[in-house]
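The values are calculated or read from the model by the stated rules, or taken from the named source; none is laboratory data. Just so you know, these numbers come straight off a predicted model, no measurement behind them. All Cβ positions, even for glycine, are placed from backbone atoms using ideal geometry, and neighbour counts span all protein chains on display. Heads up: the accessible areas ignore ligands, DNA and RNA and are worked out on the full protein's heavy atoms, side chains in. Shrake-Rupley method; radii C 1.70, N 1.55, O 1.52, S 1.80 Å.
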Amino acid sequence: MKTDILEYIYRKYPQQKKKIEKNFAETKGMQDALEEFLQTYDYFLKANSLTYEDLAEAYLWIVEQVFYYRKIFIQTGRYPHNSAQEAISDVYNNNEIMKKYMLGLALSQFLWRQHYLVFEFYRSEIKNIEPNTRLLEIGSGHGLFSLEALKYIDHIEIFDIIDISDTSLEMSKSIINMLKPRALSIINFYKQDVNLFKPSTKYDLIIMGEVLEHVEDPLALLTDIYSLLRDDGQLFITTCANCPTIDHIYYFESIESIKDMINIAGFEIIREVIIPSENISHERLLKMKVDISYAAMLKRMK
């Protein structure tokens, strides 16, 4: 399937071939991870009457959106949406858009260097999950982070998943039901704005992938999350700087601004990775406003 989907992408969008092959050549394990993902995701695709062409088309749609909004961003220095309500209306409540968005992002985890390396960092962190963990995931998206955590299901006491999109939650439920059905007994799904979430427990670990840039006030969100953690609880986050796309709202101009906000919210960085989308010099990164992915494991400051 890997060969089929890559040939389809290269045929429909030849410019992608050079970039993807460069990523494979420079990033150890990326091709094998793509094959593993496609074999796993094949069950979900078939169960939902989807083909690898649908997955490839969703990915190419993401690529087009990124190019379009990056062009506007370079010209204006602004992201496409000014408010969360706009993103909810235009993206999260639009089933067709969300379906393409989640499928395309899932595939990008194994075709884009920065997404793959962030996911590998997450894998290295989640394998350290301790017994009897109370886990919260904010923004389940395409479900890949949930699935990875469920490899260690015997260590999870409670797993709460919250997302603002029906489409995202249904995708996560479907994938988990097919691949990790016994996990449904410990999972609670909530369709809710995280700022309004009032759980009955505090958590040992919270996972929040690609959420901070989607809200109007990420500092307030981080502060709320701080209160959801136990004293020795940890937070895994991913976010990005200079990364315009269809539903990004808050503009982080640099990784330093992300780290400053983390500290202001009361968190200490345990481990982190900083991964630009292009493997070029720091000077060119700044000049071209290249998007940079950031991931970190955090803990509450004492």
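Per-structure values
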{"read-out": "Heavy-atom SASA rank of HIS282, HIS115, HIS155 (probe 1.4 Å, accessible area, largest first)", "value": "HIS282, HIS155, HIS115"}
{"read-out": "Around MET102: net Lys/Arg minus Asp/Glu count, Cβ-Cβ under 13 Å", "value": "-4"}
{"read-out": "Neighbourhood net charge (13 Å Cβ-Cβ; Lys/Arg +1, Asp/Glu -1) for GLU26", "value": "+3"}
{"read-out": "Restraint check, LYS202/LYS299; LYS259/LYS299; LYS99/LYS191; LYS22/LYS46; LYS22/LYS259; LYS71/LYS289, Cα-Cα greater than 19 Å", "value": "LYS22/LYS46; LYS22/LYS259"}
{"read-out": "Size of region 103-176 as Cα extents on the principal axes (Å, biggest first)", "value": "34, 28, 17"}
{"read-out": "Neighbour net charge for ASP160 - beta-carbon separation under 9 angstrom, K R +1, D E -1", "value": "0"}
{"read-out": "Antiparallel DSSP beta bridges within the chain, percent to nearest 5", "value": "45 percent"}
{"read-out": "The chain - percent relative contact order, Cα under 8 Å, separation 6 or more", "value": "18 percent"}
{"read-out": "Cα Rg, Dmax (largest Cα-Cα span) when computed across the chain, Å", "value": "18.4, 55"}
{"read-out": "Candidates LYS173, LYS12, LYS287, ranked by Gaussian network fluctuation over the chain, Cα under 10 Å, top entry", "value": "LYS287"}
{"read-out": "Candidate aspartates and glutamates for bridging to LYS12, where Cα separation is under 16 Å - those fewer than 8 sequence places away on the same chain excluded", "value": "ASP4, GLU21, GLU53, ASP54, GLU57, GLU64"}
{"read-out": "Cβ-Cβ FRET estimate between ILE153 and ASP231, R0 fixed at 25 Å, reported to 0.05", "value": "0.50"}
{"read-out": "Relative contact order %, region 118-210, counting alpha carbon pairs below 8 Å whose residues are six or more apart", "value": "36 percent"}
{"read-out": "Overall Cα dimensions of region 184-288, principal axis frame, Å, largest first", "value": "48, 30, 26"}
{"read-out": "Ellipsoid equivalent to region 1-84 - semi-axes via the Cα gyration tensor, in Å", "value": "27, 18, 13"}
{"read-out": "Isotropically averaged projected area of region 53-168, using the convex hull of Cα atoms (one quarter of hull area), nm²", "value": "8.4 nm²"}
{"read-out": "Whichever aspartates and glutamates have a C-alpha closer than 18 Å to that of LYS287, once near sequence neighbours (fewer than 8 apart) are set aside", "value": "GLU253, GLU256, GLU278"}
{"read-out": "Estimated distance in nm for a label pair at LYS198 and ASP42, the labels positioned 7 Å out from Cα along Cα-to-Cβ", "value": "4.8 nm"}
{"read-out": "Pairwise centroid distance, computed over Cα atoms, of region 256-292 with region 17-96, Å", "value": "21 Å"}
